[in-house]
Structure formats: C-alpha cells, structure tokens
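The values are calculated or read from the model by the stated rules, or taken from the named source; none is laboratory data. As the structure is a computational prediction, the values presented were derived from the model and not from experiment. We place every Cβ from the backbone using ideal geometry, glycine too, and count neighbours over all the protein chains shown. Just so you know, the surface numbers come from the protein's heavy atoms only, side chains and all, with ligands and any DNA or RNA stripped out. Shrake-Rupley method; radii C 1.70, N 1.55, O 1.52, S 1.80 Å.
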Amino acid sequence: MKKGLLIVYSGVSGVGKGTILNELMPMEDLNLAYSVSMTTRQPREGEVDGVNYFFVDKKRFLEAVKNGELLEHARFVGNDYGTPKEYVEKMREQGKNVILEIEIRGAKQVLEKCPDALSIYIVPPSIEELERRLRERSSEDEETIMKRISKAKKEMKEMGFYEHVVCNDDLQKTIQEVRQIILDEMNSKD
Ligand code: 5GP
C-alpha cells in the first residue's frame, strides 16, 4: 500500500484553521487522519481528552520528550505541545494522510525531519480582523489574547518556509483552496 502524506497545517490562533479542518476531515476522498497532540495546557470548555488533545501534566510531557515519543515539540504561550510519533507512522503506513495542526517552530522541526511533508499556512486578511475573531471566541482573558496577537505578528514574519500560504478571507473559498492543495499533492504522488 502507498504510504499516506504527512501534512503540516499551521496558522495563528483565531485564524479559523480549526473550522476549516472540521469541514475537511469528513471528506472521504482526502482520506485524512487527525494527529491528536499532547499538551500541558488546561482544557477549554467542551474540549475532550484524547479527542482535541491528550491533556497531560508537565512530568508526563517531559517523560514523553525524554523517551523520544514525540515527532516534534514546542512551547507556546506558557504551555508545551507535541506530536506523538507512533500514531503518525501507523496511520501513514495504513495509507492515511496525516494532518498535524501545529505551530511554526514544531512545523520547522517536522520539515527538517521529513522534507517531503506538505506544508500549509493559513493567514488572516489582517491583524485587526484576527484580533476581532480572537475576542469573539472570548475563551481567554485579555492578557492571553494580547500574547496570542503578539505571537501572531512574530509568526507571520517567519512563515516563508511553508510551501502554501492561504488567506482565510472567505471561509468556503479557503476550504476549497486547502482541499485542492491536498488533492493535487495526492495526485502528484500517484
Ligand atoms: P491552542 O492552545 O490554541 O489549542 O494551540 C496553540 C497553538 O499550538 C496552535 O498554533 C496549535 O496549532 C499549536 N499546537 C497544537 N498542537 C501542537 C503540537 O503537537 N505541536 C506544536 N508544535 N504545536 C501544536
């Protein structure tokens, strides 16, 4: 069986990447598997352990790093995040296209290890629009929102290494665009 793609999928907080992904995941022809990350962040309301993230304490996270269980890991706004390696490999072996929704430093690590990974970065139409969306979501306090915005500005200066940069100015259009990027990559590997 043909090995599945590894897709590195990033974008600043609040850009809508989760919403886009929720639409893409059920599309059968994309044959996607979502890689659930490990994090030391507290669950937000409605988040489920093992579905959105594996929520762990710092001790367990450090153990995973030490044991080489993670494909990549990074700190983001005070918390640790990492991709469990085993699931990614297992799914790719089964022909699934595995999608990693991760931040930019983790993405760099993955692309260094797996240069043939497909990389996609979603940008907002503007920083003002991003700030509005983050406040609308309002799951975080003001300090965290400001930290996420400052992080976003920094990140967007460094996103040049992604193969595809897609602007989310219209949700339906963006979904179709990302879908097409994945389909094209699948076809090119046939
Ligand atoms: P959030 O706290 O909003 O769920 O995620 C914060 C950031 O961490 C997002 O940019 C998200 O894509 C990223 N992230 C989630 N999981 C991982 C991971 O396993 N590794 C890395 N490097 N970043 C991650």
- request: Nearest 5 is fine: what % of DSSP beta bridges in the chain come out antiparallel, could you say?
  value: 25 percent
field: Förster-model FRET efficiency, 45 Å R0, N67 and E136, C-beta, rounded to 0.05
entry: 0.70
task: State to the nearest 20 debye the size of the charge dipole of the range 127-190 about its Cα centre, where the only charges are +1 on K and R beta carbons and -1 on D and E beta carbons.
output: 160 debye
message: I'd like the FRET efficiency for T144 and V36, computed as 1/(1 + (r/R0)^6) with the beta carbon distance as r and R0 of 35 Å, rounded to 0.05.
response: 0.95
field: Rg to Rh, two decimals, where the range 132-190 supplies the alpha carbon set and Rh follows Kirkwood
entry: 1.11
- prompt: Considering the chain as a Gaussian network with a 10 Å cut-off on Cα pairs, which listed residue, S119, S150, S37, attains the greatest mean-square fluctuation?
  reply: S150
field: trypsin sites (Lys or Arg not before Pro) within the range 1-67: DSSP coil, no more than 12 neighbouring Cβ in 10 Å
entry: K2, R44
query: Just how large is the dipole of the chain about the Cα centre, in debye to the nearest 20, putting +1 at every Lys and Arg Cβ and -1 at every Asp and Glu Cβ?
result: 540 debye
- prompt: How big is the range 6-188 in terms of Cα radius of gyration and Dmax, in angstroms?
  reply: 15.9, 45
- prompt: Looking only at G14, G106, G160, which one moves most when the chain is put into a Gaussian network model with springs between Cα atoms under 10 Å?
  reply: G160
task: Go ahead and estimate [θ] at 222 nm for the chain from helices alone: -39,500 (n - 2.57) per DSSP H run with n ≥ 4, summed, over the residue count, rounded to 500.
output: -13000 deg cm²/dmol
About the Cα centre, charge dipole magnitude for the range 1-111 (Lys/Arg +1, Asp/Glu -1 at Cβ), debye: 400 debye
field: Highest-MSF residue in the chain out of I104, I122, I149 [GNM, Cα springs under 10 Å]
entry: I149
Carbon plus sulfur fraction of accessible area for the chain, probe 1.4 Å, in percent: 50 percent
field: Mean Cα-pair separation over length for the range 6-188, i.e. relative contact order, pairs under 8 Å, 6 or more apart, %
entry: 31 percent
query: Rolling a 1.4 angstrom probe over the protein heavy atoms, how many square angstrom per residue are accessible across the chain?
result: 53 Å²
